[in-house]
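Colleague: Take a look at the following structure, please.
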Amino acid sequence: MNKLAIRLLTLAMLSLALAATPVFTVVYAAPENDPPPPDKKKKKSSEARPGIEQTAFADGYRAAYAAIYDRRDYGSAIIQLKSLGHDDNAAVANLIGYAHRQLGDYKVSQIWYERALKADPNHVKTWQYYGLWQLEQGNRDQAQYHLSRIAQLAGTASEEYRSLAAALEKPPGTGLAY
């Protein structure tokens, strides 16, 4: 199997694993639950079962996800996410950026958000989180641009759009935690 097929299978299995996990919502910073959809093609039974690598990745991602959204243990989550060896995955890079932002490491966070968008320019959750980052930096025009990208990609009824729009409606300097 070529590398692309392995990556697609890995992402499909991650999507299925994430779809089965409970979703926790944080005000203005909803958890990452939008990895690429699983491949709709019917797979042979031998390809449908996750291998050790896919299971390890999904387990590691879920553990880091829980460290971020359940325990707010951003430092260990960053270590867990980096140890997965999938820094080129938009969902992984976005969570690393989010964790760094929560720790106040804005320059490092920006690098990871940009890395996520380079991996997948249509990754809606990254546009949302990076838009919130822009607001925290006082860049309201950039945050508005991010909001328009979310509208194009996911529509104005999406949670990502509503979250960033609500944050933009607040007056500057209100001290909201995103």
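The values are calculated or read from the model by the stated rules, or taken from the named source; none is laboratory data. Just so you know, these numbers come straight off a predicted model, no measurement behind them. Every residue, glycine among them, receives a Cβ derived from its backbone with ideal geometry; neighbour counts consider all protein chains shown.
Colleague: Can you go through Arg62, Arg149, Arg71, Arg115 and tell me which one is farther than 20 Å from Arg7 by Cα, basic (Lys, Arg) and surrounded by 15 or more Cβ atoms within 10 Å (Cβ to Cβ)?
Modeller: Exactly one of Arg62, Arg149, Arg71, Arg115 is farther than 20 Å from Arg7 by Cα, basic (Lys, Arg) and surrounded by 15 or more Cβ atoms within 10 Å (Cβ to Cβ), namely Arg149.
Colleague: Any residue in the stretch 104-118 that is over 27 Å from Ala166 (Cβ atoms), more than 12 Å from the chain's Cα centre (by Cα) and at pLDDT 95 or above?
Modeller: Looking for residues that are over 27 Å from Ala166 (Cβ atoms), more than 12 Å from the chain's Cα centre (by Cα) and at pLDDT 95 or above, one finds at least one in the stretch 104-118, hence yes.
Colleague: In the stretch 136-168, which residues are outside any helix (DSSP H, G or I) and closer than 23 Å to Ile96 by Cα?
Modeller: If the condition is that a residue be outside any helix (DSSP H, G or I) and closer than 23 Å to Ile96 by Cα, then Gln137, Gly138, Asn139, Ser158 are the ones that fit.
Colleague: For the stretch 70-102, how many residues are at pLDDT below 95 and of a type in the set (Val, Ile, Thr)?
Modeller: 0
Colleague: Suppose we keep only residues that are assigned to a helix (DSSP H, G or I) and among the polar types (S, T, N, Q) within the stretch 103-135. Which one would you say is farthest from Ser76 (Cα to Cα)? Steps first, please.
Modeller: Applying the first criterion (assigned to a helix (DSSP H, G or I)) to the stretch 103-135 yields 106-119, 124-135.
From the residues that got through so far, the ones that are among the polar types (S, T, N, Q) too are 109-110, 126, 128, 134.
On the way: Ser109: 15, Gln110: 19, Thr126: 21, Gln128: 23, Gln134: 25 Å.
Once the filter is applied, the top-ranked residue is Gln134.
Colleague: Need the failing condition index for Tyr65 against (1) in contact (Cβ under 8 Å) with a residue 60 or more places away in the chain; (2) more than 16 Å from Leu132 (Cα to Cα), just the number.
Modeller: (1)
Colleague: Among the residues that make up the stretch 28-46, is at least one of them modelled with pLDDT under 85, in a helix (DSSP H, G or I) and surrounded by fewer than 19 Cβ atoms within 10 Å (Cβ to Cβ)? Steps first, please.
Modeller: So the first thing to find is which residues in the stretch 28-46 are modelled with pLDDT under 85, and the list is 28-46.
Restricting the remaining residues to those that are in a helix (DSSP H, G or I) gives 45-46.
Subset that is surrounded by fewer than 19 Cβ atoms within 10 Å (Cβ to Cβ): 45-46.
The answer is yes, given that some residue of the stretch 28-46 is modelled with pLDDT under 85, in a helix (DSSP H, G or I) and surrounded by fewer than 19 Cβ atoms within 10 Å (Cβ to Cβ).
Colleague: Related question: Against the definition (over 18 Å from the mean Cα position of the chain (by Cα), surrounded by 14 or more Cβ atoms within 10 Å (Cβ to Cβ) and either modelled with pLDDT of 95 or more or charged (D, E, K, R) (or both)), how does Gln128 come out, yes or no?
Modeller: When the stated conditions are applied, Gln128 does not pass them.
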